[in-house]
Amino acid sequence: MSEKVVPRCPVCKQPMRLNHRVIMDILNGLIHEECGTDIPIKDKGTAEEMLNKYPMHFSNLKKRIK
Ligand SMILES: [Zn+2]
């Protein structure tokens, strides 16, 4: 099992914080809004909003980044 402590932005490699503005791509990956992605975007908001809106994609992460 691979476990991530916090979601990291695949572009800048920095850990995300709940108040960061992020975009969710269609593969359910989170990227900082300011870093951007070529993958089509499904949603965007703060990391906290994405975690609350799509908890099924982040069940391992949610508890860890509170
Ligand atoms: Zn980033």
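All of the numbers you see were taken from the coordinates with simple rules; none came from a lab. All values derive from a computational prediction rather than experimental measurement.
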Checklist outcome for this item: Once phi for every residue in segment 29-34 is put through the Karplus expression 6.51 cos²θ - 1.76 cosθ + 1.60 (θ = phi - 60°), the whole-Hz ³J(HN,Hα) values, with Gly and Pro written as x, are x, 9, 9, 4, 4, 6
Checklist entry - Non-local amide H neighbours of ARG17 (under 5 Å, H modeled in plane, Pro and chain starts lacking H): which ones? => result none
Next on the checklist: Please list, ordered by chain and number, the residues whose modelled amide H lies under 5 Å from the amide H of THR46; skip anything fewer than 5 residues away on the same chain.
Outcome noted: VAL22
